[in-house]
Each structure stands twice: as structure tokens, then as C-alpha cells.
Amino acid sequence: MINLDLANIEEEIEKRGLNESQKARVKTDFMKNLSEKAHKFYGGKMQTVPKAGVFGFNWFNVWYTPGVSKVSTIIRDDNDAAYDLSNKGNYVAVVSDSTRVLGDGDCTPPGGLGVMEGKAFLMKYLGGVDATALCIDSRNSKGEHDPDKIIEFVKMVQPGFGAINLEDISQPNCYKVLDTLREECDIPVWHDDAQGTACVTLAGLINAVKLADKKLEEVKIVFLGAGASNSTIARIVIQAGANPANIVVFDSKGPLNRDRKDIEEDKRFYRKWELCQKTNPGKIETFSEAMTGADVLIALSKQGPDTVSPVDIKKMASKSIVFACANPVPEIYPYAAKAAGAFIVATGRGDFPNQVNNSVGFPGILKGALLVRAKKISDGMTIAAAKSLAKYAEERGITPDNIIATMEEPGVFPCEAADVAMQAIEEGLARVIMTRDEVFKKAEEEISYSRNLIESMEKGGYIKKVPIEMINTAFEEAIQSI
């Protein structure tokens with residue numbers, strides 16, 4: 001049996017004499033196999049642990065009845081006291097109806113638990129934020145997924161949380177859910193598939209354009225896919241300075257433009273209709289035509305690796321930028337896009353350069369919003385986070401294979417939290433006014449606490465190590481599948 005762990009997986013794959021396509025497939029299958037085995041080993045990823053001590057059984061009279069009665073009545077008389085007397089101010093609900101889980105579609109409500117627990121895990125380790133997964137059944141009496149049921153649910157649970165993270169809700173329901181709750185809730189409501197993906201994509205795009213010696217307001221951009229993620233990316237990129245006249249967006253039926261009556265007539269797709277009215281004024285009809293001379297491709301469509309062909313990439317302008325972000329298999333593999341002439345290639349995967357990963361965004365964004373008790377997370381706060389990520393990466397150095405900060409850079413999260421908090425204050429959305437330095441230090445302190453807590457549990461044996469045999473087995477199964 002080989003002595004394999006995640007640190008030397010690349011080296012082991014290289015020994016097998018595989019071609020690039022086979023290598024990519026082995027990586028994907030290995031991660032899937034190991035994920036299943038590791039989740040079963042631990043019985044999921046999250047648990048509930050107190051942060052107060054048990055210094056004797058008489059302390060339960062303090063933490064519970066009769067002592068806690070005073071806490072209840074104080075909060076009754078002043079609901080905002082819950083931020084000081086409970087964990088509300090650092091607690092996020094990860095809400096999903098699991099109708100659009102990553103690349104797997106409708107997985108049923110329980111099917112989303114792995115992803116939602118994953119979000120909670122990342123929030124805790126990367127952002128020092130507590131979170132819990134709430135996977136709900138959004139179907140009405142007709143068996144249809146009803147956005148109003150999600151809206152009602154979130155409104156009902158919001159008193160117990162400092163913020164809501166919406167996740168994996170299919171379009172068009174996701175538009176109504178987010179836009180309604182952002183305006184009608186008293187706490188921030190964030191849709192990570194939409195706003196989160198837009199944030200990290202914009203961050204990567206800002207630096208990619210700089211490296212290509214181009215300007216955001218001048219580049220020609222093609223968007224392949226017009227789901228919740230890509231339609232929001234397009235909207236945020238336009239707000240950040242891109243010229244909508246230089247943008248062409250494609251959905252499964254073709255290019256968006258003013259002639260798309262099917263979108264205009266279906267009021268549920270109002271966000272897509274906004275793009276129809278702003279983009280593609282020349283009414284380009286084919287993907288091939290749009291790619292000719294394009295500077296940037298941002299693809300969040302169906303899994304590849306042949307959704308976008310090398311022929312398409314060759315049609316692009318010099319120093320072209322390709323974001324192929326379908327998961328787990330990108331629309332075109334980076335090696336193929338590079339061979340076809342792409343200057344910079346980004347994907348959604350961590351085993352390729354330039355991972356466009358929401359995980360570098362939402363932990364810091366939510367942390368900043370929570371620390372100043374923001375009423376909402378605005379588009380301006382999303383763009384501020386993107387600029388913060390881009391600046392952090394630029395200051396430590398960027399290259400065509402390293403355009404965006406990663407999860408492994410702990411300093412990025414308090415920086416992002418501080419910049420988001422400052423934008424919330426500037427927009428009048430903050431209930432608590434802090435200086436940038438105060439937010440940064442508080443975020444840094446709480447993130448460090450979370451990481452040290454998990455590491456101490458590992459060292460103390462309260463979190464068991466994954467058996468090496470499990471990793472080896474997952475790898476051999478992946479090798480045998482090709």
C-alpha cells in the first residue's frame with residue numbers, strides 16, 4: 001500500500017503515466033471517493049460545543065433556570081440585547097431547499113446537508129463565525145418549489161440569528177427570495193451562490209485584467225451561462241465598471257438581448273431581463289461570433305470538459321482571460337485552454353491554479369457585516385469585498401497563475417471583514433460604528449480563536465485523524481475507474 005495523503009496526491013498521480021484528461025478525472029474521482037468515506041467516518045462535519053464552562057453542576061442554575069430568567073426578560077424588553085447576551089451576533093443560518101446543489105441539481109432537502117455543513121465548517125475555521133445548516137422542504141401543496149415558503153421560513157427564524165446565508169436555491173426562485181429578504185429582514189441576508197461567486201470572480205477579474213494590461217471598462221466579455229451565479233456576476237461586474245455594451249450573455253436558449261420575449265414575459269426572471277436590456281446591443285447571435293476577439297470568457301454553465309472547445313479559445317483576443325468555473329469538471333480544462341492560447345485560466349477547483357473559490361469571500365464578508373451589525377449586505381459591500389481581495393493579492397504579488405488570494409492566507413479574512421464593515425458604515429447600514437483597525441483586530445482575534453480551538457481538539461484526540469488506509473483506498477478506486 002502506498003503512503004498517500006492529500007499533500008502528495010499530485011506527485012502520486014504523476015507516477016502513473018496518465019494523460020492530462022486522465023489526471024483530471026482521477027483527481028475528481030479521488031476527492032469524491034474520499035469525501036464519502038471521510039463523511040461516514042466522522043458522521044458529518046459539525047457538532048455543537050459550548051463556549052461557557054461547567055465549573056460544577058450548580059452552574060447549570062446560572063446557564064439555565066433559574067438564573068437565565070433575567071437574561072430572557074432583559075432581551076424581552078430590548079431585543080438588541082440578544083447581541084450581547086447570546087450568540088446571535090456571531091451566528092449564521094445556512095438555509096437551502098437543495099434544489100441546485102453544486103453541479104448535481106435537485107438533491108432533495110437532506111441531500112444538501114453535506115454542502116451546508118461544509119459552509120458552516122468554512123465559516124467557523126476561516127471567519128470565526130458559528131453557523132448551522134437548515135435544509136428545508138420548499139414544496140407547496142402542488143409539489144412545486146415555492147419561493148414564498150423559503151421567504152416565510154427565513155422571516156420566522158431570523159430572530160435567532162445574526163445573518164442568513166442562502167445556498168443552492170434554483171433560479172428563478174433564488175432572485176425573489178434574496179431580493180425580498182434583503183429588504184424585509186432586519187439582519188443581513190446573503191446568497192453565496194450569487195453574490196459570493198460574483199465577489200470572488202470580480203476580484204480575480206480585476207487582477208487578471210491588470211496582468212493582461214487591459215482595462216475593465218474596455219474589455220469585451222462573454223458570459224456562458226445565465227443562472228443565479230453568472231447573471232449576478234454580470235450585474236456586479238457592470239456595477240464595478242464594465243461596459244454592458246461590450247458584454248454578451250448566453251443562456252441555454254441563446255444570447256440575451258432585447259428580443260428575448262420568453263424572458264421578458266416570465267416575470268420571475270426579472271434579473272435576466274435586466275441583462276437583456278443592457279447587454280448585447282448589437283444582437284450577436286452565436287457563441288462563435290461572440291468569442292471572436294473577446295478578451296474575457298466567464299463560464300458557469302454545464303460541466304465539461306468539452307462545453308468550451310479549444311477552437312473557441314483560439315478565436316479570442318491576445319492575452320485572453322478564461323474563467324471556466326463549472327464544478328466539478330470545468331467547461332474546458334486549463335491545460336487545453338492554455339494550449340489554445342489563453343493567457344490566464346481560472347476554475348472553481350483547488351487542484352488547478354487560480355481557484356475562483358467562494359470560500360475566500362463569504363467568511364470575511366459575513367464577519368465584517370456581523371461585527372458592525374449591518375442591516376443588509378449591499379452590492380456596494382460585495383464590490384468592496386472584491387476590491388479588498390484583489391488588493392490583498394496584488395500587494396503580496398500576482399502572476400498569471402496566481403491572481404487571487406487563497407484560503408491558506410489567513411490575513412485576507414480580517415482585511416476583507418474590515419473593508420466590508422467600512423463600506424457598511426459608509427452606506428449607513430451599520431448599527432455599530434467601529435474603526436477599520438478595530439474591526440480588523442476583532443476579526444483577527446476571533447478567527448485565531450476558532451482555528452486554535454479546532455487544532456487543540458485535533459491534538460487532544462477529540463477529532464480523530466482520517467486513517468491513511470482510507471485515503472489510499474479512495475485513490476486506488478479512482479485509478480481503477482479510468
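Selection of segment 314-323 for residues being under 23 Å from Ala198 (Cα atoms), of a type outside the set (Phe, Trp, Tyr) and not in a loop (DSSP other than H, G, I, E, B) yields Ile321, Val322. In summary, Pro410 fulfils each of the numbered conditions (1) in a helix (DSSP H, G or I); (2) touching a residue at least 24 places away in the same chain (Cβ under 8 Å) with the single exception of condition (1).
When you scan segment 283-300, do you find a residue that is in contact with an Asp or Glu (Cβ under 7 Å, 6 or more places away or on another chain), of a type outside the set (Val, Ile, Thr), modelled with pLDDT of 95 or more and in a strand (DSSP E or B), even just one? Yes: segment 283-300 contains one or more residues that are in contact with an Asp or Glu (Cβ under 7 Å, 6 or more places away or on another chain), of a type outside the set (Val, Ile, Thr), modelled with pLDDT of 95 or more and in a strand (DSSP E or B).
Residues in segment 117-133 include at least one that is in a loop (DSSP other than H, G, I, E, B) and under 20 Å from Glu416 (Cβ atoms).
Taking segment 36-111 and the helices (runs of 4 or more DSSP H) fully enclosed by it, no element has 1 or more residues that are at positive phi and not assigned by TED's automatic domain parsing to the domain that holds Tyr125.
Which of the numbered conditions does Lys88 fail, given that it passes all the others? Conditions: (1) within 24 Å of the chain's Cα centre (by Cα); (2) basic (Lys, Arg); (3) closer than 30 Å to Asn472 by Cα. Answer for Lys88: the failing condition is (3). Val311 - would you say it is surrounded by 15 or more Cβ atoms within 10 Å (Cβ to Cβ) and either basic (Lys, Arg) or part of a helix (DSSP H, G or I) (or both)? No: the conditions fail for Val311.
If you filter segment 265-282 down to residues that are within 13 Å of Val222 (Cα to Cα) and assigned to a loop (DSSP other than H, G, I, E, B), you find that the one that is farthest from the chain's Cα centre (by Cα) is Asn280.
The values are calculated or read from the model by the stated rules, or taken from the named source; none is laboratory data. Quick caveat, the model's predicted, so the values are computed rather than measured. Please note: Cβ atoms are built from the backbone with ideal geometry, for glycine as well, and neighbour counts cover all protein chains shown.
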